[in-house]
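> One structure, pasted below without further comment.
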Amino acid sequence: MATESLIITIGDIPDEYLLKMRGREKPYILHQGLLSMAHQHGLVSIETKLVSTISVVYDGAESDRYLIRAKVKGTRGSYSGYGDADVGNVASGFGGAVLRIAETRAVNRALRFYLGVGICSVDELGPDGPSTGVSLSRNSGRDMSSQPNSPKPQGNIQNAAPLGGLPPCP
């Protein structure tokens, strides 16, 4: 009986799920591809949770940075991934969607871990170039448990999210 490989290589990914951009030789994978391949490889569930919200100041205006944890379960096991987003690390024009972008980034990271995909998803990218003009407000971490129907932050995570967000994809 042959066993399924836990690693999916670029050659295993259908071309319609890959996107070449930013002058890179290595492509990025699309959310649609991760989700489709995960279902093909026994995905059973995806759960997301708001871990923390902190205030950031970007170009003189206060905004929120969201940190989301996604957990995927299936026949390959259970894997978690984190995603963050604020107006400084999403494309211009998407400032009203930062919570959804953070969730998509977290889900994509968890799906990549589940599938053993070693390339970054396009949704995990920030805007072109380094994020500038972003600073954390002092003591701005919010205890989400004080808001109705909001999850409690895990530990002191609101201080653990680095200023530039999660590490960039290689």
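Values in this text are rule-based calculations from the coordinates and carry no lab data. The model shown is predicted, which means the values in this text are computed figures rather than measured ones. Every residue, glycine as well, gets a Cβ built from its backbone with ideal geometry; the counts of neighbours run over all protein chains shown.
> Using the alpha carbons of the stretch 68-115, what is the convex hull volume per residue in cubic angstrom, as a whole number?
56
> Continuing with this model, one more query. How big is the dipole moment of the stretch 1-96 about its Cα centre under a simple scheme where the beta carbon of each Lys and Arg is +1, that of each Asp and Glu is -1, and everything else is neutral? Debye, nearest 20, please.
In total the dipole reaches around 260 debye.
> Once you wrap a convex hull around the alpha carbon atoms of the stretch 34-132, what is its projected area averaged over all directions, in nm²?
Quarter of the Cα hull surface area: 6.4 nm².
> State, to one decimal in nm, how far the label point of residue 62 lies from the label point of residue 26, with both points 7 Å from Cα in the Cβ direction.
If labels sit at residue 62 and residue 26, their model points lie 4.0 nm apart.
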